[in-house]
Every structure is written in C-alpha cells, then in structure tokens.
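The values are calculated or read from the model by the stated rules, or taken from the named source; none is laboratory data. Please read these numbers as outputs of a predicted model, since none were measured by experiment. Don't worry about glycine lacking a Cβ; one is built from the backbone with ideal geometry, like all the others, and counts go over all protein chains shown. Keep in mind that these areas ignore ligands, DNA and RNA; they rest on the heavy atoms of the full protein, side chains included. Shrake-Rupley method; radii C 1.70, N 1.55, O 1.52, S 1.80 Å.
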Amino acid sequence: MKKQISMTLAVIVFALSLTSCSGTGKDGIGWKSGSGSSGGSGGTGSHTGSGNSGSSGKNNDSDTDSYYFYPGEPEYDFSEVESEYRLHEYYLDTVDVPWGETHDLHMVNGQIQNYFRYTAFDYNNEFVCNKDLYNISTISRPRVRVFPADKKGYVVYEVMYTQIFPIHSIMYSTPGFQMYESEGVNYIDYYTGTKLPYLSAFDRNTKNGLYTQFIYEGKRYNYGYYEFKTQDDGKIVYSTDEDCNNILTETVTVTRTDYLVVPEDYDGLLLYVYVGDWTQTRPAVTTTDHQDVYIFRPEPFDDEENLDDYVFFGISRSK
C-alpha cells in the first residue's frame, strides 16, 4: 500500500449540518456559540486496554492523565476555512467484530517520535544534495477538547498537537528552499478499521476542510474534517565539522489543529501515527513540482501492514 506522506514548507465520524459560532461556516458545521470546552472521561478514550499498552522504544505512554479538561473557546472558527473539498460518498462494510478488537493496537498517551526527511533546493529550484545527521521529530501528546454542537446529541472534537523537526544536516551547497517529509498523523475508525479522509497541504500555513458521506447498512451519514496548520521556523545556524563540512542546524515547529464532528456517544475515533523508519526505503523528493493540496480518500487499513509500525491515541471519550 502507498504510504501517506505529509509535506510542508520554510473518522467513522458522523457529522450533521450545524451552525458556526460566528455565523454559518463554509459547510455549516460548527459548535454552539459561547459553549466553552466540555469535560470527558480520562485516559486515552474507551479503547485504552485494547492491544499492547506497554512502552515501546522512543514512544512515551506513561502519562495517563486525562487530556480532555482544557477550558476556553475553540482556537479557530470554521468560517476561517479558505478551501473546502467535497468527496464522493463512501460505502462501509458491515462488521460483526470491531476491527480494533481483532488487532493488537499499541495505544499510547504521551509524546512520541517518528522519522522525517529534510530536503533542500537552490534558488533555481534545483535539488541540493545533503545528508541528514538527525531525522527524528517529536510529536506532542494531542490536546483534545470537546465542544457542544448546535445539533442536540453531537459534539465537536478539537485535536491540537505540535511536531518539532530538529534539522541537523550536512549541506553541499547553499539552500534557498526547504521541505520536510514525514508520515502523516491521521484518524481511523476503531470499529471498521477505515482510515478517514484528510488533506495534506504543501504550504506553510493552511486552513482547509473537506466533507463527504459515509453509507453504512443503508443509512447515509455526513462527514466533515477541518485542518488548520501553522509553521514556525527557527533561526538557521551554520557550522563546520572536523572534516570541514558545512552543517545546517534549525528547529521547525508545525502546529496542527483538527476539528471533527461526531455523535456524543460515538467512542471509536482513534488518531494514528506511523513510527517505522520509511526513510531507508523511499527515495527523496528531488523536484519542487507539487500540488497545493493532496487529498487522501477513505480506505480500509491494509492488514498486510506491520502494526508494530503504528501507534494509536484514543480521541473520542467513553460515556
């Protein structure tokens, strides 16, 4: 299966048509005005005990405090969305046993680390040869907040996390344009094992959304997903090593805030992160030709993939 890569520059989710807190948003999905954050039950959701809950390598799952109690208003409003995409409807297979019960999911509840690749180009957009000396990013534990939706029985999940890229690379010429590749951090349904649709934007700062419909056992459900991303570039520092190589050092922080609208009693929303070392098998991107936004449609999790290469956060709370 083709891996899903997130590139940046220097669920089953059942959503209804709701109202944005500052008027109707781009697709009319939002939270109740002035509602503030609502609490939830602690831990990593209702499926913390499913699969392996022990520590694994670079992933910290020792922090088991609730991450639902964060008061205040939402960070963004859906009316701020700049681009919105509509996908074709998607039919879900009926399942008798939840996908998550038949797979050994490594559930975590702390910050984790995964691999990234730093790629550079000169001012003529020609590939600049470089060698990464360090290629492990740190992803913070997601901050999850739950807001009442205007439609009774529904809530809006706000999921925010940061990813820090500590760039330390030998440069064989001066870069003019930089790119960072990493495996995407996205959502999957615990019950059907369906990877939920999402967007991966090439630009540094983005406000995008998509919506579609899921059909399950003859019933049609709307789905909406919104991503707000910002990037903070640190100071670039050059130095030389004992072999007189030019070393570029920089710390880049990407903050992503996602919004998902689900029924208040839905407890199957998981966030997953690919933590395997894909950098050893996939060639570097050597061209600046790209789409502004890459759209990834829903698809079943490939059972031929190695689950040891994934970790999962429980997002939706249990009652």
Original post:
What list of whole percents do you get for P(r) of the stretch 245-288, with Cα-Cα distances grouped in 10 Å bins up to the one holding the largest distance?
Top reply: 13, 24, 36, 17, 8, 2
**OP:** Grab every C-alpha pair in the stretch 211-319, bin the distances at 10 angstrom width from 0 up to the longest one, and report whole percents.
**Re:** 9, 23, 36, 19, 9, 3, 1
**OP:** Give me the accessible area per residue for the stretch 164-212, probe 1.4 Å, as a whole number in Å².
**Re:** 24
Original post:
Ranked from highest to lowest mean number of other Cβ atoms within 10 Å per residue, what is the order of the peptides 184-192, 131-139, 114-122?
Top reply: 184-192, 114-122, 131-139
Original post:
Measuring from centroid to centroid over Cα atoms, what is the spacing of the stretch 192-223 and the stretch 228-265 in Å?
Top reply: 25
Original post:
Which percent of Cα pairs goes in each bin when the distances of the stretch 118-247 are cut into 5 angstrom slices starting at zero?
Top reply: 2, 7, 13, 17, 16, 12, 10, 8, 7, 5, 3, 1, 1, 0
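Using only the Cα atoms of the stretch 200-265, construct the convex hull and provide its projected area averaged over every direction, in square nanometres to one decimal.
8.0
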